[in-house]
Amino acid sequence: MNGYRFHLQKYRPGSKTACPECGRKSCFARYIDEAGEIFFPDNVGICDHINSCGYHYTPKEYFRDNPAVKEKLNEQERNGGTPIVAKALAKPQPEQEPQISFLPSGWVEQSMRRYDINPLHRYFIRVMSKKDADRLFRLYRVGTSRMWGGATVFWQTDRDGNVRAGKIMGYDAETGHRIKEPFNQVSWVHSVRKVPDFRMKQCLFGEHLLSDTSAAMSAKPVAIVESEKTALVAALFIPDFVWLATGGMYGCFNSEAMQILGGREVILFPDLKATEEWKQRLPMLESFCRRATCSDMLERIATSAQREAGLDIADFLLMEDTPQMILQQMIERHPVLRSLIDAFGLELVDAGRAE
C-alpha cells in the first residue's frame, strides 16, 4: 500500500455496512490496519453520501480521541512522521477548512407549529401533559416536517445561535418508537430542501441551552444521552441536569464537538450495550471538562432482555405508567371524560411536583 498502514477497506460485495450517522445501508466503508494489529470500531470510516450525510471519522481522529490506543503505534507514527492514511483512498483534504454552513433560523420558527400532526408530540401528550410537551418542544426547538405525515425535526442549534442542521425522523404516535420499516424514516433538512454546497458540521442537540449563563443553569451538571427523544423525556423527569444528545452512539461524540463542555461537570448516560464504548471516551472529556463520569446504572438494573433490546434511560423513566398515561387509558375506556375535562378546563396535577 505504498507505505500507508491505515486505509479504507477495499470494496467487495457485502463489505460496506450501514452508516452509523444517517443509517442508510451498504454505504459505509471502514478503515483497516494493514498490519492487522489495531481493529477499529465500526464507526471509523466514511459514508458514501458526502453531501447529504458527510460522516467521516478518520484513524487520526480516532487516535486523538483514544490516546491509550495511540500508544500502540511506533514513535514515528505517533509523531506524524509516517502518513497513516492512503491519500488515494482517504477523503481529499482542502488546503483550508471549508466554512461551516448554517440554515436560516426562520426555518426553525416556521416548523414549530402543527404539533397536532406530529406523531412524537402526540405520543408525548399520552405520557405527559400537553403543557409539558409544548414546553419541551419549544425549549429544545423541535419542529414538524411535511415529510411522512408530520415527522419530527430535531434542530441542532449551537451555543452561538447558529442552526447547524435539522434531522428529520419519523415516529409512531402510539408507541413513541422510531419508524424503521419498510424503510428507516430519517433525513436531513438541507438534503430535503436541496441546499446547494451545504457543509454540515453537527453540534450537540440542545447545545443552545448552554448559552444561558445564569448561575442556576451554569451550576447544573450536563447529562449526555444518545437520542434526541431521550433528552426530551429525561429533561422532564430529571430537571436537575442540562440534557443534551449526541444523535447516536457516535453521532457528534468527538473531541471538536465536545469542546463546548469545557469546564462543566459532565455525566454520560449511554444506551444499554454502549456503556463500555462510552467509558473509553472519558479520557478525552477529562482533558477539558471539570469532571466527567459515565453512569452504569442501567447496566446494573437491566434484565438480559432489556440489555439485548438496547434500552435507554427514557425507556426506564416511562416504564411505569405516569399519571398522564393512566388518565389517557381512562379516557380511551370512557371517552366522555375528555368532554368533561375540556368543558371545565381541568388539569391533571402531579402530586409529586405539587409538593
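At-a-glance table
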| quantity | calculated |
| --- | --- |
| Separation of the Lys10 and Ala309 label points, Cα + 7 Å toward Cβ, nm | 4.4 nm |
| 20 Å reach of a label modelled at Lys130, 7 Å along Cα-to-Cβ, counting backbone N of segment 141-183 | 141-145, 150-152, 173-176 |
| Cα-based reach from Lys72 at 20 Å (exclusive), listing lysines while leaving out same-chain residues under 8 positions away | Lys60, Lys279 |
| Under 5 Å, built H, 5+ apart or other chain: amide partners of Ala292 | Val266 |
| Residues with amide H under 5 Å from that of Tyr171, placed H, sequence gap 5 or more | Leu120, Thr152, Ile179 |
| Inter-part distance where segment 250-283 and segment 172-193 are each reduced to a Cα centre, Å | 25 Å |
| Rounded if a/c under 1.5, otherwise prolate or oblate - segment 143-250, Cα gyration tensor axes | oblate |
| Per-peptide average of other Cβ atoms within 10 Å, ordering 67-73, 40-46 highest first | 40-46, 67-73 |
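Every number in this text was worked out from the coordinates using simple rules, so none of it is lab data. Given the structure is predicted, the values throughout are model-derived calculations rather than measurements. Every residue, glycine among them, receives a Cβ derived from its backbone with ideal geometry; neighbour counts consider all protein chains shown.
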